[in-house]
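Trainee: There's a structure below that I have some questions on.
The values are calculated or read from the model by the stated rules, or taken from the named source; none is laboratory data. These figures come from a predicted structure and were not determined experimentally. Neighbour counts run over all protein chains shown; Cβ positions are idealised from the backbone, glycine included. When the accessible area is computed, the model is the full protein with side chains, heavy atoms only, and any ligands, DNA or RNA have been set aside. Shrake-Rupley method; radii C 1.70, N 1.55, O 1.52, S 1.80 Å.
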Amino acid sequence: MRKQRLTYEKANTPPTIGVRKSWLSWNTSNLKDEEKSSQRAFEDLIIRKFITGTWVGRLEVISEVIIKRRYNCVYIAFIVNESRELLNANYFLKGYSEEMLSIILKCPVKCEIIRATNDDLVYGII
Amino acid sequence: MAAGAKCLLLTRFTHFNKNKCIFQISRCLQAIPTEPVEYEPKIDKGHYSIQRQFELQKNTVQYTFMIGLSPNGFREYDLYQHGRRFKETKFIFGRFKRSKMNEPPPAIPRCTQMPTDQHWPNVWPTAKTFNWSQVPFNVRQGFTVYKAVPKKKGNLELMKIPNFLHLTPPHIKQHCEALKDLCTEWPQELQTDEDCKKYFPVEVVTSDYLFSGPSIRDERARICTVKFDLDDLELDYHARDKFLRLVGDRYDKETNTVTFVTDRCPLRKQNYDYAIYLMTAVYFESWTTEPWESEKEESDWETYHWDLSSSRKSVVSIVQQMKQVSSGPEGDTTPMEEEELLQTPEIQEYKRCVTVLHNQGENADTLTDYKNAVLQLYKVPTSSNTPIVIS
């Protein structure tokens, strides 16, 4: 009775980070002798809550949220359920998320939205 | 119902404005024109609509393309066929309602329509996350557990890692072309490292810290390091000795350089100024001779001077006594004779060996030389035994 569909992220447990899968947050604060890693982690928490709470319904976030920091910008990448007819809502939510998060984080925020279906993300069924 | 009723799967808008509209039928089961066709739209209830007849093999199907510009500028389109709506989307009370009978066709990914001779920097101009629909080659990433190889579409691992699709050779070529105008020629006078060292004797090292965060401040950027060669300063024997005593550990004997590292001020400019001030102050201080410097004793000597040492007095007195014993009690030495004594090869050799022994330290060679010099000086027959250094 295999019912639970797993994504690659869920199929690989946290001990396999750095072996089979890589990190969800990329920033220089996590490197050795660098500061403010706790601040970055707290901001990542806010970003993830915001994104998963904003992109709901037909435009649901169907993957984990990847947060990359380059220079003073925050790049947020995630996969959104593919729905062709909701382009306007897609554009609105993208601009809304970028604007609100850049006000909260006080730095430029870019959303890089990849579109796919739930079936594309299925890695295994248990 | 025409045979080609569901043939028309997708229309692509290659160009659109209020006056002109170009369609390209991109996928169809039957042969219909795929070239872009220009239409003259006519205004109907605030929407621009176009009618176009496609003649298929057996039946004639009429499609109506409804094109509209919504007040917020977004593009909307609907397809009609025989007066029946092919697709219907309405925005009512904040909820999207859609007729499930006519599911919209899936989007065709852009990567399948890319020409092979396209200019890649136009597709991927800057660093961005991997997008499966924009990369025209197959790529996979992931560990196989459930006998499923993670494919390109919707692969989160490919999105996580930094890619170099924005740094291909055409990109680099374009970057270099753009940067060429900003470059200047290398000065003709600075051909070798010696030239650089000659014209720029002082080396200043500072570090800029670039990290991902909203702030550009980093307190480590304040540290300033100033290096220079000791030979570039004009120093006599006393000044050089005093300079080395003043700088202490900052002098590297192997490379003959002095290094000042300043980090006590909050700003880099202040630290640089302080390092230059230190350099200047130490230089001029080393040239001044204080009255108490004449009180320097033998234990304060930086190197051993045999002519000023007690070793010279004792050697001279011993050699004179040896001469008195050999010549008789009435012989009395004069300063002239002392100077002559010092010029004898035995005493010169003894002087050299004692100086080397003090300056270089005790080892097998210096001790052997010292032993031979003493034996020669006191006219003792030399033996073949060499001293053994017990460490």
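Trainee: Which of the pairs A:Lys110/B:Lys269; B:Lys253/B:Lys296; B:Lys227/B:Lys296 have their Cα atoms more than 26 Å apart in this structure?
Mentor: Numbers: A:Lys110/B:Lys269 35 Å; B:Lys253/B:Lys296 24 Å; B:Lys227/B:Lys296 30 Å.
Listed pairs above 26 Å: A:Lys110/B:Lys269; B:Lys227/B:Lys296.
Trainee: In square angstrom and rounded to 100, what buried accessible area do you get between chains A and B, total over both, with the probe at 1.4 Å?
Mentor: Working: alone 8660 and 28870 Å², together 33840 Å².
Chain pair A/B: roughly 3700 Å² of buried accessible area.
Trainee: While we're here: What average number of partner chain Cβ atoms lie no more than 10 Å from the Cβ of the residues making up B:212-225?
Mentor: On the way: counts 17, 14, 12, 4, 2, 0, 2, 1, 2, 0, 0, 0, 0, 0.
Whole-number average of other-chain Cβ neighbours for B:212-225 is 4.
Trainee: Take each of the peptides B:212-220, B:291-299, average the number of other beta-carbon atoms within 10 Å over its residues, and list them starting from the highest.
Mentor: The packing order, highest mean first, is B:212-220, B:291-299.
Trainee: Consider a paramagnetic label point 7 Å from the Cα of B:Ile390 along Cα→Cβ; state which residues of segment B:336-377 have an amide N under 17 Å from it.
Mentor: What the label zone holds, given the 17 Å backbone N cut-off, is B:363-364.
Trainee: A follow-up question, please. Out of every Cα pair in segment A:8-60, what percent are spaced more than 13 Å from each other?
Mentor: Details: 956 of 1378 pairs.
Here the long-distance tail beyond 13 Å is 69 percent of all Cα pairs in segment A:8-60.
Trainee: If you don't mind, another one. Let me know the mean shielding of A:109-116 by other chains, meaning the per-residue number of their Cβ atoms within 10 Å of its Cβ. Write down the numbers at each step before the final one.
Mentor: Details: counts 0, 2, 1, 5, 2, 12, 7, 6.
If you average over the peptide's residues, the count of other-chain Cβ atoms is 4.
Trainee: Restrict the search to segment B:137-203; then list the trypsin sites (Lys or Arg not before Pro) that DSSP places in a loop and that have at most 12 other Cβ atoms within 10 Å of their Cβ. Write out the running numbers ahead of the final one.
Mentor: Numbers: sites: B:Arg140, B:Lys147, B:Lys151, B:Lys152, B:Lys153, B:Lys160, B:Lys173, B:Lys180, B:Lys197, B:Lys198; in loops: B:Arg140, B:Lys147, B:Lys151, B:Lys152, B:Lys153.
Passing sites in segment B:137-203 are B:Arg140, B:Lys147.
Trainee: Could you list, bin by bin from short to long, the percent of Cα-Cα pairs of segment B:152-289 in 10 Å steps?
Mentor: Once binned at 10 Å, the Cα pair distances of segment B:152-289 give 9, 23, 24, 20, 13, 8, 2, 1, 0.
Trainee: Report the FRET efficiency, 1/(1 + (r/R0)^6), for A:Arg58 and A:Thr16, where r is their Cβ-Cβ distance and R0 is 35 Å, rounded to 0.05.
Mentor: Numbers: r = 33 Å, r/R0 = 0.93.
So the FRET efficiency works out to roughly 0.60.
Trainee: Given the alpha-carbon gyration tensor of chain A, what are the semi-axes of its equivalent ellipsoid in whole angstrom, ordered largest first, with each equal to the square root of 5 times an eigenvalue? Can you show the working numbers first?
Mentor: On the way: eigenvalues 129, 101, 20 Å².
Computed over chain A, the values are 25, 22, 10 Å.
Trainee: Okay, next question. Which whole-Hz couplings ³J(HN,Hα) result when phi for each residue of segment B:367-372 is put into the Karplus expression 6.51 cos²θ - 1.76 cosθ + 1.60, θ = phi - 60°, listed in order with x for Gly and Pro?
Mentor: Each residue of segment B:367-372 in turn: 5, 5, 4, 5, 4, 5 Hz.
Trainee: Report, as an integer, the average count of C-beta atoms from other chains found within 10 Å of each Cβ along B:157-163.
Mentor: Values: counts 6, 1, 10, 11, 4, 4, 0.
Going residue by residue through B:157-163 and averaging, the value is 5.
Trainee: Of A:Lys21/B:Lys151; B:Lys197/B:Lys242; A:Lys68/B:Lys128; A:Lys10/A:Lys49, which pairs sit farther than 21 Å apart, going by alpha carbon to alpha carbon?
Mentor: Long pairs (Cα-Cα over 21 Å): B:Lys197/B:Lys242.
Trainee: Taking 7 Å along the Cα-to-C-beta vector as the label spot, tell me the A:Glu34-B:Thr257 distance in nanometres, rounded to one decimal.
Mentor: Taking the simple label geometry, A:Glu34 and B:Thr257 are separated by 2.9 nm.
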